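Notes for the one structure printed next.
The values are calculated or read from the model by the stated rules, or taken from the named source; none is laboratory data. All figures in this text were calculated on a predicted structure; none of them were measured in a lab. All Cβ positions, even for glycine, are placed from backbone atoms using ideal geometry, and neighbour counts span all protein chains on display. Quick note on the areas: whole protein, heavy atoms, side chains included, nothing else; ligands and nucleic acids left out. Shrake-Rupley method; radii C 1.70, N 1.55, O 1.52, S 1.80 Å.
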Amino acid sequence: MSRTKLFFPGIWIVLLVFYSCGSPSAPRPHKKNKTQDSAGKHRASVSQKPGLRYAVRLEKGDRTQFDDFFARDGSRIYYSTYKGRISYSDTLKSMQHFLFDLKAEFMVDRIFIYQTDADHYFVVWQETDHEGVKSYMAGFREGAAKPDWKKTARFPNPAKPVIDSTFAYYSMLGIVGKISVVSGKTEWEHDSLFNPYKHMYQEFSPAQVYPDKILFIDRPIAGRRPRPDTLILEPRTGKSIR
């Protein structure tokens, strides 16, 4: 009996010491690195310009090449045929209202829409006949038979436009620029950027807009160019910043 009385208190003492000190193999609480914290706060404080807007990309159905496009933008749903006849509805069950017709020469295979005011729209789209590609930018008024203005580029890969007030930052293969969504006037543009040997500036991500600079980041290409290339430009003039 005396051994039993001495044995159990010994166990409790060992367990108490074990849990108070912690298991040698258990992970200890991670101490925050002050340098990492300050760096994280710095990155968070460098934010893009407030008030930016983004065009909505209409997605095409995947059954056939003649499927319609559609996209939800808030409470509105946009629709487009493969030939560019665009309409909208307020809900999926309501009647579609005609907006305008791109009157595509070939088949539309990429399209972005931004509503500039109550009845005006800025549109960027790409057409293909499976042998060649063209891209377009235009300003349309709801119900109008023709666009207020229209620009054509014989290059593919238009990215989602980024809207800053009444201007849009746009990009395509080898091209970046700034355009008025109201008048269609090009403020500045850089073209002939594409390098077919290094595959540089083939397709850009949407522009990153800061108060003092614009970043156009080229998408990497798996197996060819793992690292992206970046253009850093001054917002007003489009001049390179380094």
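Can we say residue 153 is open to solvent by 40 Å² or more (accessible area, probe 1.4 Å) and farther than 16 Å from residue 57 by Cα? Walk me through how you get there before you give the answer.
Values: open to solvent by 40 Å² or more (accessible area, probe 1.4 Å): no; farther than 16 Å from residue 57 by Cα: yes.
Judged against the criteria, residue 153 is not a match.
Just give me the residues in segment 54-87 being at pLDDT 95 or above and in contact with a Lys or Arg (Cβ under 7 Å, 6 or more places away or on another chain), in sequence order.
54, 55, 57, 69, 71, 84
Does residue 79 qualify as being surrounded by 13 or more Cβ atoms within 10 Å (Cβ to Cβ), hydroxyl-bearing (Ser, Thr, Tyr), closer than 21 Å to residue 149 by Cα and under 22 Å from the mean Cα position of the chain (by Cα)?
no
Are there any pairs with C-beta distances below 9 angstrom linking a residue in segment 155-166 that is under 17 Å from residue 53 (Cα atoms) to a residue that is surrounded by fewer than 19 Cβ atoms within 10 Å (Cβ to Cβ) and of a type in the set (Phe, Trp, Tyr), with the two at least 6 apart or on different chains, and if so which?
Here the result reads 160/54; 161/54; 162/54; 163/54, each pair linking segment 155-166 to a residue that is surrounded by fewer than 19 Cβ atoms within 10 Å (Cβ to Cβ) and of a type in the set (Phe, Trp, Tyr).
Could you list all residues from segment 112-147 that are charged (D, E, K, R) and either more than 23 Å from residue 52 (Cβ to Cβ) or assigned to a strand (DSSP E or B) (or both)?
117, 127, 129, 131, 134, 141, 142, 146
Going by what's in this entry, would residue 140 be described as touching a Leu at 6+ places or on another chain (Cβ under 8 Å), buried (at least 19 other Cβ atoms within 10 Å of the Cβ) and within 15 Å of residue 87 (Cβ to Cβ)?
The answer is yes for residue 140.
Would you point out which residue out of 109, 101, 129 is under 14 Å from residue 69 (Cβ atoms) and at pLDDT below 95?
So the residue among 109, 101, 129 that is under 14 Å from residue 69 (Cβ atoms) and at pLDDT below 95 is 109.
For residues that are exposed (fewer than 15 other Cβ atoms within 10 Å of the Cβ) and in contact with a Phe, Trp or Tyr (Cβ under 8 Å, 6 or more places away or on another chain), scanning just segment 169-198, find the one that is farthest from residue 53 (Cα to Cα).
In the first step, residues of segment 169-198 are kept if they are exposed (fewer than 15 other Cβ atoms within 10 Å of the Cβ); the result is 183, 185-186, 189, 191-192, 195-198.
Filter once more, so that each one left must be in contact with a Phe, Trp or Tyr (Cβ under 8 Å, 6 or more places away or on another chain): 183, 195.
Working: 183: 18, 195: 30 Å.
In this case the residue turns out to be 195.
Out of all the residues in segment 193-237, which are more than 15 Å from residue 155 (Cβ to Cβ), part of a strand (DSSP E or B) and among the charged types (D, E, K, R)?
Scanning segment 193-237 gives a single hit, 225.
Output the number of residues of segment 204-229 satisfying the condition of being in contact (Cβ under 8 Å) with a residue 40 or more places away in the chain, open to solvent by 50 Å² or more (accessible area, probe 1.4 Å) and either in contact with a strand residue (DSSP E or B) (Cβ under 6 Å, 6 or more places away or on another chain) or of a type in the set (Lys, Arg) (or both).
1
Just to be sure before I move on: is residue 201 over 30 Å from residue 97 (Cβ atoms) and surrounded by fewer than 17 Cβ atoms within 10 Å (Cβ to Cβ) in the structure I sent?
no
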